[in-house]
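The structure under discussion appears below in the form of structure tokens.
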Amino acid sequence: ANEKRVPGYDLTFSAPKSVSALWATAPPEIQRQIEIAFDVAVNSTLTWLEKNVPLARRGKGGYRREFAELVIAQFDHGTSRVAKGKEFEPQLHRHCVIANVCRGQDGRWSAVNSRALHEWTRSLGPMFRATLAEELRATVAALVAYAEETESEPVVEHLRESLAATARPAPIAP
């Protein structure tokens, strides 16, 4: 067996602190809407990766790259790691563990080109955050309208306070 072989890679997508704080303190119906927006952002980013970055290693030495379907296990967490002397803090994030095997368009299995994956990881974060911001804009606007219609003043006030704290525009990925 090759001792240099890596079983997989962990891509972690983290919501901005303001979104995590809103999620942690929001009523369940708002938490669920944030989770849906988060899910859409993660999965949209992973789909973009599969469709736009050739990640299958093919040919002698694996130097030829081809597009492939990744094998991904996803795990959600709602808190940060605890540093010594600190307490848990809200941090909505998802670990996407990518197995070091992918299925090419021809149906054959290959190793993942880790260099290609690594080259793109810095671009995936801004892409994820821009998608999350766009999803949340629509979601939160609908929640505010619903809360105002049903005269749920505590929900409306909570959303207004949270939105005021997160009113910075998100960077748009190229």
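I'd like the carbon and sulfur percentage of the solvent accessible area for region 11-89, probe radius 1.4 Å, heavy atoms only, ligands and nucleic acids excluded.
Solvent-exposed carbon and sulfur of region 11-89 make up 54 percent of the total.
Keeping all protein chains in place, calculate the accessible area per residue for region 1-97 (probe 1.4 angstrom), answer in Å².
Working: 6070 Å² over 97 residues.
Accessible area per residue: 63 Å².
Using amide H atoms built in the peptide plane, which far-off residues or other-chain residues are under 5 Å from Leu92 H to H?
Correct list: Ala15, Ser20.
So what's the net charge close to Arg57: Lys and Arg +1, Asp and Glu -1, counting the other residues with Cβ under 9 Å from its Cβ?
On the way: positive: Arg58, Arg64, Arg65; negative: Glu66.
After counting each charged neighbour, the total is +2.
Please report, as a whole percent, how much of the solvent-accessible surface of region 94-136 comes from carbon and sulfur atoms (probe radius 1.4 Å). Can you show the working numbers first?
Values: 1090 of 2280 Å².
Carbon plus sulfur share of accessible area: 48 percent.
What are the ³J(HN,Hα) couplings of region 68-77, residue after residue, when phi is run through the Karplus curve with 6.51, -1.76, 1.60 and θ = phi - 60°? Round to Hz, x for glycine and proline.
Whole-Hz 3J(HN,Hα) from phi for region 68-77: 8, 8, 8, 9, 10, 9, 10, 10, 8, 9.
How do 115-122, 39-46, 133-140 rank on mean C-beta neighbours within 10 Å, highest first? Display every interim value, and only then the final one.
Details: 115-122: 12.8, 39-46: 19.0, 133-140: 17.4.
Result, highest mean first: 39-46, 133-140, 115-122.
Convert each backbone phi in region 121-135 into a coupling constant with the Karplus relation 6.51 cos²θ - 1.76 cosθ + 1.60 (shift: θ = phi - 60°), then list the ³J(HN,Hα) values in order as whole Hz, x for Gly and Pro.
4, 5, 7, 5, x, x, 4, 4, 5, 5, 5, 4, 4, 5, 4
The values are calculated or read from the model by the stated rules, or taken from the named source; none is laboratory data. Small disclaimer: the values here were computed from a predicted structure and weren't measured. When we count neighbours, we look across all protein chains shown, and the Cβ atoms used for this are built from the backbone with ideal geometry, even at glycine. In case anyone asks, the SASA skips ligands and DNA or RNA and just uses the protein heavy atoms, side chains included. Shrake-Rupley method; radii C 1.70, N 1.55, O 1.52, S 1.80 Å.
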